[in-house]
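The values are calculated or read from the model by the stated rules, or taken from the named source; none is laboratory data. A quick note: this is a predicted structure, and the numbers were derived from the prediction, not measured. Ideal geometry is used to build each Cβ from the backbone, glycine not excepted, and the neighbour counts take in all protein chains shown.
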Amino acid sequence: MKTRFGFAATSLLAVAFVMFAGSQAFCGVISVNMDSWSEAEGFDHQDNPMLLTEVAGLVPAPNWNAYGAGSFHGVTPVDDSGAVTTLAITGTGGNNSWNTGGTGTKHMFADFCSDNGATLDISGVPYANYDLIVYSKSWEARDMNFSVNGGDVQTINSGGESPGSFGDDGELVEGVHYTTFSGLSGAITLTHDHLSGIQIVEAAAVPEPTTAVLLGLASVLGLSIFTRRRR
């Protein structure tokens, strides 16, 4: 009897584990850099794009997509693995550069899409739920405002720190270098000021109700086996 009971509990636990593992989606990330494109060449020439091998961001990732600030064209967006995605981005705002150079996150801060109140329309996000990390830096000691779909405003203030100085300590500080909008889904409009880049981070999946019930039953049966054996 104990053997059958134990086998049933083990089987149920195995099924629950498989379902739980299958319900956990891979947490991917799509990274976008606002790159300065040459106006003299009709915004068809990137001045100093990030290399695909450069790793940058709060969520360290390679394969940054370089969008020409002010033009938003000519890009086939990929995720951190290099796989093509359905992401689509259009927007407004000027094309500017700090000419700071560097690599990785410092390189990401080198250029920006200017104009307070400019917008970035983001659609085709391949994740059911996601967080949006927004990066900005300026020589000006002022609040740079950001909002999603006209909601609450979040600010970034670099305190007049030179964009080229990032990399001296290499530490990203919330409210100084970036801000995060969590729990997003579907298409959004980001209103921004001095936008250097964004990361779209897939939210971690949670077990489906059926899976959670199976895990609970398996746990109860496992406890019952442990209790019986102790007797």
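Some observations on this one:
- Residue satisfying all of: in segment 169-207; among the acidic types (Asp, Glu) and at pLDDT 90 or above; surrounded by the most Cβ atoms within 10 Å (Cβ to Cβ) among these: Glu202
- Output for segment 81-93, where each listed residue is assigned to a loop (DSSP other than H, G, I, E, B) and surrounded by 20 or more Cβ atoms within 10 Å (Cβ to Cβ): Leu87, Gly93
- For segment 154-163, filtered to residues that are out of contact with any Gly (no Cβ under 9 Å at 6 or more places or on another chain) and surrounded by 15 or more Cβ atoms within 10 Å (Cβ to Cβ), the residue that is modelled with the lowest pLDDT is Pro163.
- Being touching a Ser or Thr at 6+ places or on another chain (Cβ under 8 Å) and modelled with pLDDT of 80 or more is a description that does not apply to Phe166.
- Selection status of Gly151, farther than 19 Å from Asn33 by Cα, more than 14 Å from the chain's Cα centre (by Cα) and modelled with pLDDT of 95 or more: yes
- Check on Asn33, part of a strand (DSSP E or B), closer than 27 Å to Gly117 by Cα and either outside the structural domain of Trp139 (by TED's automatic domain parsing) or modelled with pLDDT of 50 or more (or both): yes
- Identity of the residue in segment 111-148, modelled with pLDDT of 95 or more and of a type in the set (A, V, I, L, M), that ends up nearest to Val59 (Cα to Cα): Ile133
- Residue check, Thr76 surrounded by fewer than 16 Cβ atoms within 10 Å (Cβ to Cβ) and at pLDDT 85 or above: yes
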